[in-house]
Amino acid sequence: AIANVAMSAEDFPRALDFYDRTLALSIDDPDALAGTLRALTYENRHDDAIAVADKLIALGRNPGEAHYWRAMNLARLKRDDQAWIDIEEAAKGLANADVPKLAGILAINRRDMTTARQRLELARVRRRTDCETLFYLQTVLAEQRDWEAAVNMSAEAGACFEKEEASIEEEL
């Protein structure tokens with residue numbers, strides 16, 4: 001619980017400390033392993049995060065989440081082809097907006113704009129308020145030379161970011 005609070009506060013070193021303490025008591029605790037995986041990712045310790053994802057996958061615990069986070073870390077290491085395999089596996093076990101969003105980004109990196117568009121449109125359906133998804137989608141539309149759709153998506157993305165900025169300023 002303390003590790004989860006630390007994650008919420010974005011105190012990743014503290015979260016890792018408490019996840020490690022949990023794993024010392026229960027070496028295969030799936031929640032602690034998943035938390036460790038996320039904390040390592042946010043700490044940019046990608047190779048360590050991949051090793052934890054491998055362990056979760058080998059245990060058969062949280063496979064969708066483990067594949068998603070391994071794909072995220074592989075992508076950050078510019079290992080897009082390996083990341084693609086994992087994001088496809090993640091899609092079998094997770095039905096959220098993050099999986100198709102990452103798949104869309106990977107497809108952009110792999111220069112597969114048709115797939116990128118399909119995945120980003122799915123991410124958009126699943127979470128209409130994600131400004132980054134709109135940004136990436138307008139990039140794909142421009143690459144496909146679908147100018148009218150690109151302009152409309154660019155305007156939508158701009159409005160989304162402005163609304164997000166206003167919300168953050170109000171919150172502060």
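Residue count for the stretch 130-170, restricted to those that are within 24 Å of the chain's Cα centre (by Cα) and among the charged types (D, E, K, R): 8. When the residues of the stretch 64-83 are filtered to those that are assigned to a helix (DSSP H, G or I) and over 22 Å from Ala34 (Cβ atoms), which remaining residue is most open to solvent (accessible area, probe 1.4 Å)? Going through the qualifying residues, I end up with Asp81. Does Ile105 meet the test of being at pLDDT 95 or above, aliphatic (A, V, I, L, M) and open to solvent by less than 60 Å² (accessible area, probe 1.4 Å)? Spelling it out, Ile105 is indeed at pLDDT 95 or above, aliphatic (A, V, I, L, M) and open to solvent by less than 60 Å² (accessible area, probe 1.4 Å). Of the residues screened, Ala95 is not one that is hydrophobic (A, V, I, L, M, F, W, C), within 14 Å of the chain's Cα centre (by Cα) and crowded, with 23+ Cβ neighbours inside 10 Å. The single condition from (1) surrounded by 13 or more Cβ atoms within 10 Å (Cβ to Cβ); (2) within 25 Å of Arg110 (Cβ to Cβ) that Asp47 fails is (1). Output yes when any residue across the stretch 73-84 is over 21 Å from Asn44 (Cα atoms), modelled with pLDDT of 95 or more and not small (Gly, Ala, Ser), and no when none is. Within the stretch 73-84 (the criterion being over 21 Å from Asn44 (Cα atoms), modelled with pLDDT of 95 or more and not small (Gly, Ala, Ser)), the answer is no, since none of the residues qualifies. Could you tell me whether Leu137 is farther than 30 Å from Gly35 by Cβ, touching a residue at least 12 places away in the same chain (Cβ under 8 Å) and in a helix (DSSP H, G or I)? So Leu137 fits the description; yes. Is the stretch 148-159 home to any residue that is assigned to a loop (DSSP other than H, G, I, E, B) and surrounded by fewer than 19 Cβ atoms within 10 Å (Cβ to Cβ)? Within the stretch 148-159 (the criterion being assigned to a loop (DSSP other than H, G, I, E, B) and surrounded by fewer than 19 Cβ atoms within 10 Å (Cβ to Cβ)), the answer is no, since none of the residues qualifies. Per the conditions (1) touching a Lys or Arg at 6+ places or on another chain (Cβ under 9 Å); (2) among the hydrophobic types (A, V, I, L, M, F, W, C); (3) part of a helix (DSSP H, G or I); (4) exposed (fewer than 15 other Cβ atoms within 10 Å of the Cβ), the sole criterion not satisfied by Ala39 is (4).
Residues in the stretch 112-129 that are part of a helix (DSSP H, G or I) and either open to solvent by 60 Å² or more (accessible area, probe 1.4 Å) or basic (Lys, Arg) (or both): Thr114, Arg117, Gln118, Arg119, Glu121, Leu122, Arg124, Val125, Arg126.
The values are calculated or read from the model by the stated rules, or taken from the named source; none is laboratory data. Just so we're clear, the structure is a prediction, and the values are computed from it rather than from any experiment. Please note: Cβ atoms are built from the backbone with ideal geometry, for glycine as well, and neighbour counts cover all protein chains shown. With ligands, DNA and RNA removed, areas are computed over all heavy atoms of the protein, side chains included. Shrake-Rupley method; radii C 1.70, N 1.55, O 1.52, S 1.80 Å.
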